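Read the structure below first, then the notes.
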2 protein chains.
Amino acid sequence: MGEDEGDEFDIIARYFQPLADPVSARDLLDDVAVLDTSGPLVVTTDAIVESVHFRAADPMETIARKALRVNLSDLIAKGATPLGYVVSLQWPRSRPATQIAAFAAGLREDQAAFGLKLFGGDTTTTPGPLAVSVTMWGRSSQRTPARADAQAGDELWVLGPIGDGWLGLAACEGKLTGLSPNDQHVLAARYQVPAVQPAAGLLVQRFAKGSMDVSDGLIGDAMKMAAVARVGLELNLAGLPLSPEARAWLALQPDQAAARQALASGGDDYCPLVSVAPAEAAALQAEAAKLGLVVGRVGQVTADPAMRLLDGGQLPEDGGHRHRLGA
Amino acid sequence: MGEDEGDEFDIIARYFQPLADPVSARDLLDDVAVLDTSGPLVVTTDAIVESVHFRAADPMETIARKALRVNLSDLIAKGATPLGYVVSLQWPRSRPATQIAAFAAGLREDQAAFGLKLFGGDTTTTPGPLAVSVTMWGRSSQRTPARADAQAGDELWVLGPIGDGWLGLAACEGKLTGLSPNDQHVLAARYQVPAVQPAAGLLVQRFAKGSMDVSDGLIGDAMKMAAVARVGLELNLAGLPLSPEARAWLALQPDQAAARQALASGGDDYCPLVSVAPAEAAALQAEAAKLGLVVGRVGQVTADPAMRLLDGGQLPEDGGHRHRLGA
């Protein structure tokens, strides 16, 4: 972090040691952490990069929280209980090291919210943009549902609102002027800090046959799940779960089907997409209501490997939004 | 990776699935990997960034191998047996996606060499330099020696040659013209692909009390170990273990003490620095000879928390080379 980075012990001691598990993480003063494991761990990794996944002007707190949440979302989609993470920070020489305090504050806030601990990290300067790479692990539930577990005959449900990420980016860029300032603000905040919900993980544990984390746009991600499971999908966006703010936006659009498709193609929503036995759908819906979760049935899994969109739209060739590549 | 990235399934299937553990990594087609663990895991994370840890012109194979080896080195320094890793790749839009094949070939080569498996990953485009962040884990040996385990009275040993990384960078930049072309070539290759040696991990398991991974320069790293262990150090660089190529360079230098200190201050050597009970030193040396490892006694641990350099040099205030910050 430039020549004026201050002493690394000071920075670790002040900002990162308070976030760490003192025993396993060795107070972040060693080369490694030693994890005391018993039974399967679920592991995921995701990075976010300035100008790709967040805006250069975003607050450091929200950048830190987004870096954790895009990983948390993977664990929630697998019904796993988050335990810990390591963070690799690429710090531009042009950013003052004082911003580290805000970054650590963001980590701390979400650690407390989600019961996470920091187990180690690495920080390096970069001549490029700020980038944060997180590897996170959790305790597996009895079964860790795979994308490939979706079967013909299953219903397809989304366990969280869709479209807020895409609308939120537009709000950050001042492009949602038809909406109330409050709605714009709420959506912008959801782009910066995705509203991941651990309660959705309980639904995954109980009801999911196949499950994946939506992150690059619902339609494209659903197509990925279908490809891996070697099934087809019939998507019906009439059932798209929406936040009140997204509903307000939708009400202003002249072409409802096209608008729903845009919401389902945008990225930066982070929630589970699950396939469920039809006999379980009513119980899933009732349980979601108890947990206060916005969920919706968005189609069904078919044996015919074709992809169809029921309300008249055309499926995009590339599945819509894409900024990432990888597992 | 730009608009012309090709289909992500194709890229994963062609280049990365062959590197993955098919069961635990779910063929890289899921959001997570499920690790079957029994007993403690040792975890580390390290990133390398273009123009900081490698040169833009370096071959993709060596970039991939260096990304693995800077992490492997942490595990070896703890006597842990490497098992697996996840890789997060930030791919500049300006780099052709075809270079991914070479990157994967580099991963494959070192996976085979070190018994590693890929468990997942994430690739994103970046407007900045190429960066590779790896999180790696291994099976712990009975005891995982910490930096803090160094005690007054211990001898300090380095389990690998020192200075090749710094000389190698100079060789890459055409600054070692006094050496033979072959020596220059060998050193440049060691900068690009650090010569980590799993056999050194056997010595760690058997002999190390305190242990750390040297990566940012021996002197500075030794000072970090002393600070964490709350001890002092008396460094004697006459015992510095050197490769034949580094010895050839040293022979050309007018001031031997200053030249040794330069070797011990440069970064990009990756090997264990261990503290050893004096009674064990002869056995360590004999075992190292059997394993063909270049090792050397570089000082001792003192109760007096001061740092001293025996052959007349001055300790640098910041411990020498530093491009990284973190655990």
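The values are calculated or read from the model by the stated rules, or taken from the named source; none is laboratory data. Small disclaimer: the values here were computed from a predicted structure and weren't measured. Quick reminder, even Gly has a Cβ in these numbers, built from the backbone with ideal geometry, and neighbours come from all protein chains shown. Areas reflect the complete protein model, heavy atoms only, side chains present, ligands, DNA and RNA absent. Shrake-Rupley method; radii C 1.70, N 1.55, O 1.52, S 1.80 Å.
Quick notes on this structure:
- The range A:264-312 has equivalent-ellipsoid semi-axes of 22, 17, 9 Å, by the square roots of 5 times the alpha carbon gyration tensor eigenvalues, sorted largest first.
- Placing a label point 7 Å from the Cα of residue A:290 along the Cα-to-Cβ direction, the residues of the range A:203-223 whose backbone N falls under 20 Å of that point are A:203-209.
- Accessible-area rank, largest first, for B:109, B:155: B:109, B:155, with all protein chains present and a 1.4 angstrom probe.
- For the range A:67-144, the average shadow cast by the Cα convex hull is 5.2 nm², which is a quarter of the hull's surface.
- Sparsely packed trypsin sites (Lys or Arg not before Pro) within the range B:205-281, loop by DSSP, other Cβ within 10 Å at most 12: B:230
- Carbon and sulfur %, accessible surface of the protein assembly as shown computed with the full protein complex present, 1.4 Å: 51 percent
- Total formal charge among the other residues, if their Cβ is under 9 angstrom from that of residue A:77, Lys/Arg +1 and Asp/Glu -1: -2
- Virtual spin-label span in nm between residue B:56 and residue B:311, 7 Å along Cα→Cβ: 3.8 nm
- When A and B come together, around 5600 square angstrom of accessible surface is lost from both chains combined, probe 1.4 Å.
- For the range A:199-301, the fraction of C-alpha pairs farther apart than 24 angstrom is 22 percent.
- Under the Debye formula (equal points on every Cα, no solvent term), log10 I(q)/I(0) of the range B:144-280 at q = 0.09, 0.12, 0.16, 0.17 Å⁻¹: -0.27, -0.47, -0.79, -0.87
- Alpha-carbon centroids, the range B:47-123 and the range A:8-49: separation in whole Å: 21 Å
- The sum of -39500 (n - 2.57) across all DSSP H runs of n ≥ 4, divided by the residue count of chain A, sets its helix-only mean residue ellipticity at 222 nm to -10000 deg cm²/dmol.
- Accessible surface ranking that places the most exposed of B:51, B:211, A:265, B:94 first, with a 1.4 angstrom probe: B:94, B:51, A:265, B:211
- Residue A:103 accessible area, assembled protein chains, probe 1.4 Å, Å²: 0 Å²
- Within the shell of other residues whose beta carbon sits under 15 angstrom from the beta carbon of residue A:179, the net charge comes to -1, with Lys and Arg scored +1 and Asp and Glu -1.
- Dipole moment magnitude, nearest 20 debye, the range A:2-85 about Cα centre, only Lys, Arg, Asp, Glu C-beta charged: 700 debye
- Dipole-positive endmost among A:141, A:62, A:33 within the protein assembly as shown (Cβ charges, Cα centre): A:141
- FRET efficiency, 1/(1 + (r/R0)^6) with R0 45 Å, evaluated for residue A:173 and residue B:189 via beta carbons: 0.45
- Dipole of the range B:35-185, positive direction: furthest Cα of B:113, B:94, B:82, with charges on the beta-carbon: B:94
- Stokes-Einstein diffusion for the range A:9-160 at 4 °C, viscosity 1.567 mPa s, with a Kirkwood radius from C-alpha pairs, works out to 79 µm²/s.
- Between residue A:113 and residue A:81, the modelled label-to-label distance comes to 2.1 nm, taking each label 7 Å out from Cα in the direction of the beta carbon.
- Across the alpha-carbon set of chain A, the Rg to Rh ratio works out to 0.99, Rh being the Kirkwood radius.
- Scaling against 2.2 N^0.38 Å puts the C-alpha radius of gyration of the protein assembly as shown at 1.00.
- Under the convention that each Lys and Arg Cβ holds +1 and each Asp and Glu Cβ holds -1, the size of the dipole of the range A:22-143 around its Cα centre is about 280 debye.
- A 1.4 Å probe run over the protein chains yields, for the protein assembly as shown, 35 Å² of accessible area per residue, whole-number rounding.
- Measuring between alpha carbons in the structure, the pairs from A:66/A:290; A:66/B:209; A:66/B:117; B:209/B:290; A:78/B:117; A:78/B:224 lying more than 31 angstrom apart are A:66/B:209; A:78/B:224.
- Stokes-Einstein D in µm²/s, Kirkwood radius over Cα pairs - the range B:26-102 at 10 °C with 1.306 mPa s viscosity: 108 µm²/s
- Residue-wise HN-Hα coupling along the range A:35-50, computed from phi with Karplus coefficients 6.51, -1.76, 1.60 (Hz; x: Gly, Pro): 8, 8, 10, 8, x, x, 10, 9, 10, 9, 9, 8, 10, 10, 10, 4
- For chain A: relative contact order, % (alpha-carbon pairs under 8 angstrom, 6 or more apart): 22 percent
- Near residue B:308, the amide H atoms lying under 5 Å from its own belong to B:233, B:234, B:235; only residues 5 or more places off or on other chains count, and H is placed 1.01 Å from N.
- The residue among A:9, A:257, A:125 whose Cα reaches farthest toward the positive pole of the charge dipole of chain A, with charges on the beta-carbon of Lys, Arg, Asp and Glu, is A:257.
- For the pair residue A:206 and residue A:257, the difference between a 0.36 nm per residue extended length and the Cα-Cα distance amounts to 15.2 nm.
- Antiparallel %, DSSP beta bridges [both residues in chain B], to 5: 70 percent
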